[in-house]
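Accompanying notes for the structure given below.
Readers should treat all values here as calculations from the given coordinates under stated rules, not as data from a laboratory. Please read these numbers as outputs of a predicted model, since none were measured by experiment. Reconstructed Cβ throughout: ideal geometry from the backbone, glycine too, with neighbour counts over all protein chains shown.
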Amino acid sequence: MKILSWNCQGLGNPWTVRNLCSIVKDQGPMVCFLMETRLDKEGLKEWCGDLPFQNSFVVKYPNTGGGLALLWKDCINLDVVNYTTNHILAKVVEEDGSVWFLTGFYGWPKAAQKAKSWSLLQHIHTFVDGPWVCIGDYNAMLNLTKKLNKRPIQGSQMNAFREALEHCHLEDLGFRGYEYTWNNKRPGEANTRVRLDRATAAVDWRAKFPLSTVYHLSTHASDHLPILLHVQSSKKWYKGRKGFKFEEAWLLAEGCDEVIKNAWSKDGVGATSLELAR
């Protein structure tokens with residue numbers, strides 16, 4: 001399963017919608033979490049009705065800004081548990097009946113309101129009973145190395161973020177791709193690049209999906225990069241007929257010559273590896 005998360009900063013224009021459609025077509029996510037959509041449910045249907053998602057849950061801000069949307073395909077058994085204007089919590093049921101929780105999270109952008117983000121995250125934690133992954137724009141940094149700017153940042157803000165993650169038993173899943181997910185697009189020394197968008201997960205979720213990877217994608221339609229979480233429990237091996245591979249170590253085995261002669265006289269090389277392995 002793939003989960004796309006993007007602070008698109010408005011979906012009411014053709015350029016952003018085309019970019020979103022292109023990303024969805026190229027990456028094939030089954031779940032999509034969008035932030036700052038600035039659209040209600042009818043607006044989302046009007047602008048994004050061509051997206052291949054049969055289900056949607058939209059949270060519209062009281063004013064014209066903001067807005068969240070969670071989109072998913074019919075092949076995903078997903079139910080929304082609760083929501084606010086800054087999050088959507090959903091329960092996902094796998095084919096084998098196992099359950100895990102997904103949160104689309106949008107942190108408050110202003111420094112004076114950061115504490116609200118961490119209080120909300122801890123509140124969401126009380127509703128989670130099982131493996132949990134949380135993805136979105138946290139609007140916060142975990143360390144100074146993820147910021148490219150000469151202006152200093154308050155260490156207390158990073159500490160508060162870390163403490164909230166620790167309280168919720170969440171750990172950052174890392175990423176592949178370009179280091180920064182947000183760029184204010186100002187010239188020269190006024191330019192700031194930061195990693196604000198990320199996926200975090202609890203220990204039991206990471207144990208359930210140990211090969212999961214986060215990718216930073218590219219776009220020019222927003223100052224935030226989309227991020228893609230590829231949820232993987234194990235590698236998918238090709239189930240076709242396996243080719244025969246001869247191991248040189250077999251030559252040291254006692255009776256090797258006799259085994260090879262017998263194998264060739266029976267069913268061919270396919271029997272050789274079985275008899276030598278005994």
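Between G107 and residues 5 or more places away or on another chain, which pairs have amide H atoms under 5 Å apart, with H built 1.01 Å from N, and which residues are they?
D137, Y138, N139
Answer rounded, prolate or oblate for region 1-129, using the Cα gyration tensor with square roots of eigenvalues a ≥ b ≥ c: rounded when a/c is under 1.5, else prolate when a/b is larger than b/c, else oblate.
Numbers: a/c = 1.93, a/b = 1.05, b/c = 1.84.
It is oblate, given that a/c is not under 1.5 and a/b is not larger than b/c.
For region 50-144, run through the chymotrypsin sites (Phe, Trp or Tyr not before Pro) and keep only the ones in DSSP coil with at most 13 other Cβ atoms within 10 Å of their Cβ. Show your work: numbers first, answer last.
Working: sites: F53, F57, W72, Y83, W100, F101, F105, Y106, W118, F127, W132, Y138; in loops: F53, F127, Y138.
Passing both the DSSP loop test and the Cβ count: F127.
Among the listed pairs K73/K114; K45/K114; K91/K116; K185/K208; K73/K116; K60/K208, give every one whose C-alpha distance is greater than 30 Å. Please report the intermediate quantities before stating the final value.
Details: K73/K114 33 Å; K45/K114 32 Å; K91/K116 23 Å; K185/K208 39 Å; K73/K116 32 Å; K60/K208 33 Å.
Over 30 Å apart, Cα to Cα: K73/K114; K45/K114; K185/K208; K73/K116; K60/K208.
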